[in-house]
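**Q** Take a look at the following structure, please.
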Amino acid sequence: MASIINTVRATVLSIANKNNYGYITPSDFNLYAKQAQLDIFEDYFYQYNNWIVKQNARVSGSGYADIIKGLVEVVDSFSLTSSYTPILNQFDLPNDYYLVNKIYFIPDNTEIERVSQSKILSLNASQLTAPSEMFPAYTLEGNTVTLYPSSTKSVKIQYIRYPKDPNWTYVSLSQGEPVFDQSAADYQDFELPLSDQVNLVNKILQYAGMSIREIPLVQFGQAEESIENTQQG
Amino acid sequence: MAYLTQYQYYENDGNNPENANWGSYQYVTLKDIVNNFELMYVGNDKLINNVERYNILFHAKRAIQELNYDSLKEIKILELAVDDTLRFILPSDYVNWVRISMYKNGTLLPLTENIQTNWSDAYLQDNNYKILFDQDGNVLKPEFSTVDIDRITGSNKTIYLNAESPYDGQEGYFYNGIWYFEYPIGGRYGLNTETANQNPTFKINKKSGVINFSSDMAGELIVLEYVSDGMESGVNADISVNKLFEEFIYAYIKYVILSSKFGIQEYIINRTKKEKSALLRNAKIRLSNIHPGRLLMNLRGQNKWIK
């Protein structure tokens, strides 16, 4: 698959590198790329919420006009499922989790409900709703999940992970320019879809513009991003 | 839950007990109710969103409890012998009684609830009728009150026309073809039909969790018909409800959740309230099983002459 990160870098350099003083080093680019990707990734969840509001107001369509479907597909591309066996009723979530979608026992697929710390004592004390094998619950403290009622049955967790940090890698310098190397062990492309390439360029331009104190560059990135957002509703 | 095969239904897949699934198709389980509700009535494009599963579970159970109290007609029946202290301990899942009968000589005899009390608490008193307390300031109580002791020993009397009636076995006079009695019963004031029952009587002590019987009941078999709340002693897997009430339960959960949520328009709450009530009426009518054949049998006696 074609590398997005190389195209993004080339575009950013092409726009920013006026009179050769807007050059962005690979390490700086990787930092800005990480920031930009995280920003856009988080924005998917807010967009999802906004589009639900619009859908309920009957201002979104179905079929190709079903924007939510596209957003869900992108978010789902970050979905992972892992298995755990609790020790003393507890287990730790993976380090790269962004949000937990569901936790369930295996093999019976009984979903474990997330309960807030403020409610768990009352819930345990309730005759009608106390967590049970059929309707289990969990609380989250830091990265640690605690199961109610106490159980050592294996669980599966389906979660949305953070995107991996993008890393534009190179092998050597040729005429002062680093040569892109997609085969490096630590190479990492953007994980966002190709449709986000424009957003990535705009975001990175803003960071790069701030870095070299080139306000027109920042403004250009902001203006482009604003136009993009307006078009997307 | 998946549908059962015929073999699973009739033979429980060869496991014990064989009858585990008999009649199960009439019922929908609590798990199914909660699952279906979450699936069909909760979502970003639904009236209800952001509701915890335990909320749904609570209201589903409350609906089942309410239905069990009257509409469902799920009567439980328990047979036990009355002990020497003439008590029948209420079942662990007892909520209210429907009928209490004595099973004797192959016949079920419905018993009457005594309109008077036949049990009492008591406090210990000294010779000056002062109540006695222990060192912690709690009142001292005897194991049995006098009313209880007399009932257990058979020395108390009753206003019912049974063996414990104060007039039982007393003689009258037969003069000029007419019977005369020296006590206020029958001929003098007319029969009190409310107490004209010769079977033993009972009175329920709800707080103590026992049924107290009159003194001629020791060792007798009692059949208690009662209603529970359907919670099956807290075993969620055993909780189910008749399918005729399934739609009502969804409507009930929807109504109570919406009516307790902030910012829901009143017309939506009213709509769900009407839906809930209408579905309850429908389910009750369906469950009442008014069959033409049964009506015909009942109406057969309408033209019978009372001689």
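The values are calculated or read from the model by the stated rules, or taken from the named source; none is laboratory data. Just so it is clear, the model here is predicted, and its values are computed rather than measured. With ideal geometry, Cβ positions are generated from the backbone for all residues, glycine too; neighbour counts draw on all protein chains shown.
**Q** Could you give every pair whose Cβ atoms fall below 6 Å, whose first residue belongs to the stretch B:32-51 and is without any contact (Cβ under 8 Å) to a residue 60 or more places away in the chain, and whose second residue is surrounded by 15 or more Cβ atoms within 10 Å (Cβ to Cβ) and part of a loop (DSSP other than H, G, I, E, B), counting only separations of at least 6 or pairs across chains?
**A** These pairs meet every condition: B:VAL42/B:VAL51.
Conditions tested, residue by residue: (1) within 30 Å of B:SER155 (Cα to Cα); (2) in contact with a Ser or Thr (Cβ under 8 Å, 6 or more places away or on another chain).
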residue	(1), (2)
B:PHE202	yes, yes
B:LYS206	yes, no
B:ASP216	yes, no
B:ILE222	yes, yes
B:GLU232	no, no
B:ILE239	no, yes
B:LYS261	no, no
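**Q** With respect to B:GLU38, is the statement that it is of a type in the set (Asp, Glu) and at pLDDT 95 or above true?
**A** Considered against the rule, which asks whether it is of a type in the set (Asp, Glu) and at pLDDT 95 or above, B:GLU38 comes out as yes.
**Q** Among the residues of the stretch A:149-191, what is the count of those that are assigned by TED's automatic domain parsing to the domain that holds A:LEU123 and among the small types (Gly, Ala, Ser)?
**A** 3
**Q** Considering only the stretch B:274-287, state which residues are without any contact (Cβ under 8 Å) to a residue 40 or more places away in the chain and either surrounded by 18 or more Cβ atoms within 10 Å (Cβ to Cβ) or among the polar types (S, T, N, Q) (or both).
**A** Residues of the stretch B:274-287 without any contact (Cβ under 8 Å) to a residue 40 or more places away in the chain: B:274-279, B:281-282, B:285.
Scanning the stretch B:274-287 gives B:LYS276, B:SER277, B:LEU279, B:ASN282.
**Q** Testing A:ALA130 on (1) out of contact with any helix residue (DSSP H, G or I) (no Cβ under 7 Å at 6 or more places or on another chain); (2) over 30 Å from A:SER27 (Cβ atoms); (3) assigned to a loop (DSSP other than H, G, I, E, B); (4) not polar (S, T, N, Q), one condition comes back false. Which one is that?
**A** Here A:ALA130 meets the rest and fails (1).
**Q** Looking at the stretch A:31-74 only, could you name the residues that are surrounded by 14 or more Cβ atoms within 10 Å (Cβ to Cβ), within 14 Å of chain B (Cβ to nearest Cβ) and among the β-branched types (Val, Ile, Thr)?
**A** Correct list: A:ILE52, A:ILE67, A:ILE68, A:VAL72.
**Q** Another question about this same structure. Of all residues in the stretch B:231-258, how many are exposed (fewer than 15 other Cβ atoms within 10 Å of the Cβ), hydroxyl-bearing (Ser, Thr, Tyr) and either over 25 Å from B:VAL95 (Cα atoms) or without any contact (Cβ under 8 Å) to a residue 12 or more places away in the chain (or both)?
**A** 0
**Q** For the stretch A:98-127, name all the residues that are acidic (Asp, Glu) and either more than 10 Å from chain B (Cβ to nearest Cβ) or not in a strand (DSSP E or B) (or both).
**A** A:ASP108
**Q** So B:ILE290 passes all but one of these: (1) without any contact (Cβ under 8 Å) to a residue 24 or more places away in the chain; (2) exposed (fewer than 15 other Cβ atoms within 10 Å of the Cβ); (3) outside any loop (DSSP other than H, G, I, E, B); (4) not acidic (Asp, Glu). Which condition number does it fail?
**A** Of the numbered conditions (1) without any contact (Cβ under 8 Å) to a residue 24 or more places away in the chain; (2) exposed (fewer than 15 other Cβ atoms within 10 Å of the Cβ); (3) outside any loop (DSSP other than H, G, I, E, B); (4) not acidic (Asp, Glu), the odd one out for B:ILE290 is (3).
**Q** Which one is farthest from the other protein chains (Cβ to nearest Cβ), of the residues in the stretch A:128-160 that are among the charged types (D, E, K, R) and farther than 9 Å from A:ILE103 by Cβ?
**A** Looking at residues that are among the charged types (D, E, K, R) and farther than 9 Å from A:ILE103 by Cβ, I get A:GLU141.
**Q** Condition first: of a type in the set (Val, Ile, Thr) and in contact (Cβ under 8 Å) with a residue 12 or more places away in the chain. Now tell me which residues in the stretch A:179-210 satisfy that.
**A** If the condition is that a residue be of a type in the set (Val, Ile, Thr) and in contact (Cβ under 8 Å) with a residue 12 or more places away in the chain, then A:VAL198, A:VAL201, A:ILE204 are the ones that fit.
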